[in-house]
1. Using a Förster distance of 35 angstrom, determine the FRET efficiency expected from the C-beta separation of residue 202 and residue 254, and round it to 0.05.
2. Residue 309 versus residue 266, label points 7 Å from Cα toward the beta carbon: distance in nm?
3. Can you give the convex hull volume of the alpha carbon atoms of the stretch 55-153 per residue, in Å³?
4. Subtract the Cα-Cα distance of residue 302 and residue 15 from 0.36 nm times their separation in residues, and report this length gain in nm to one decimal.
5. Using Cα-only point scatterers and the Debye equation, what is log10 of I(q)/I(0) for the stretch 5-125 at each q in 0.10, 0.12 Å⁻¹, rounded to two decimals?
6. Using a basic spin-label model with each label point 7 Å from the Cα along Cα→Cβ, how many nm lie between residue 209 and residue 2?
7. Using only Cα atoms and rounding to the nearest 10 degrees, what angle (0 to 90) does helix 252-267 make with the longest principal axis of the chain?
8. Taking the chain as a Gaussian network, where each spring joins two C-alpha atoms under 10 Å apart, which residue of 70, 307, 354 fluctuates the most?
């Protein structure tokens with residue numbers, strides 16, 4: 001019968017480990033063994049445990065000094081480690097993981113003991129390696145990224161709001177300055193040109209009555225009068241562009257109609273009006289915005305649309321003012337609308353957003369529908385563009401209405 005071969009002892013931090021609680025150097029109390037070592041229990045260690053020593057013995061007392069031992073820690077070692085006659089092994093530290101410590105003994109006469117001793121070792125992970133810590137870290141990182149994103153978005157919104165306020169300030173300052181310049185041009189330059197026209201009429205009449213002027217001179221006076229008429233028309237046009245006088249004497253609906261008729265007169269483009277008279281006095285800010293927006297839309301039609309028909313719609317409901325301009329022109333693409341050089345669209349959008357409104361653009365060229373039915377003309381399909389604006393009615397106005 002072969003001699004017994006057993007694991008005889010376990011030490012942790014220079015303390016013998018027995019079945020039951022163990023008080024360590026840091027006053028920590030733990031239970032490492034729930035049954036004796038010879039029953040091959042599973043030993044659970046903390047990742048911070050140091051100096052773990054296993055003792056073992058081959059009970060062959062014929063020549064015990066020549067008994068030999070070898071160990072292998074499966075999960076960490078690839079080969080056996082020969083210990084010679086030393087019957088213990090100390091691990092300064094063992095990384096977190098699952099291991100199996102195998103121990104082999106050889107008798108003094110070179111015969112290998114037929115039974116290997118083994119003991120399972122579980123080394124817990126550090127807290128920062130645990131799944132709950134990693135999940136918490138993931139959640140914290142996601143929350144941090146989300147918070148940074150929200151702060152960034154909030155900063156961008158604040159910056160955009162600041163830019164919009166500045167844009168509104170610039171527009172208001174430009175309108176005020178334009179109003180002043182328009183008044184000065186109309187009152188001073190217009191008055192001077194009118195006096196020159198009257199003087200020219202008087203001189204022409206006097207030359208004609210006294211028969212002092214030749215037919216050539218009379219023709220030249222007529223040319224001067226025509227030039228003065230053109231100059232007066234230019235003064236009127238410039239003044240209107242700087243400050244539409246229609247807004248000072250007409251309601252918004254009437255001013256929009258006047259603008260549409262002027263557009264039709266200048267361009268010969270057929271204009272269809274669907275303009276409802278407003279039920280209350282609209283503020284100067286909103287009236288000026290809608291008038292300027294319509295002015296910009298019609299300018300874009302002249303420059304880009306190649307349209308022959310335009311439909312202008314304006315009305316109000318319980319919550320907002322609605323303005324729509326539709327044409328039967330060549331349409332526009334999404335790329336053209338979003339282009340940084342589309343200053344007309346940018347101006348319309350900024351004016352609309354400054355009042356809390358929204359702008360929608362539809363065109364078959366960008367996948368939408370046009371308000372004017374598609375038709376065949378000169379062998380080309382007319383696509384068109386529809387631009388809609390919704391400007392909310394201020395709360396104070398709503399209260400007066402109710």
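1. Rounded to the nearest 0.05, the efficiency is 0.40.
2. Result for the modelled spin labels: 2.4 nm.
3. Once divided by residue count, the hull of the stretch 55-153 is 114 Å³.
4. Here the answer is 93.7 nm.
5. -0.31, -0.44
6. About 15.0 nm separates the two model spin labels.
7. Roughly 70 degrees between the two axes.
8. 70
Readers should treat all values here as calculations from the given coordinates under stated rules, not as data from a laboratory. The structure displayed is predicted, hence computed values, not measured ones. Backbone-built Cβ (ideal geometry, glycine too); neighbour counts: all protein chains shown.
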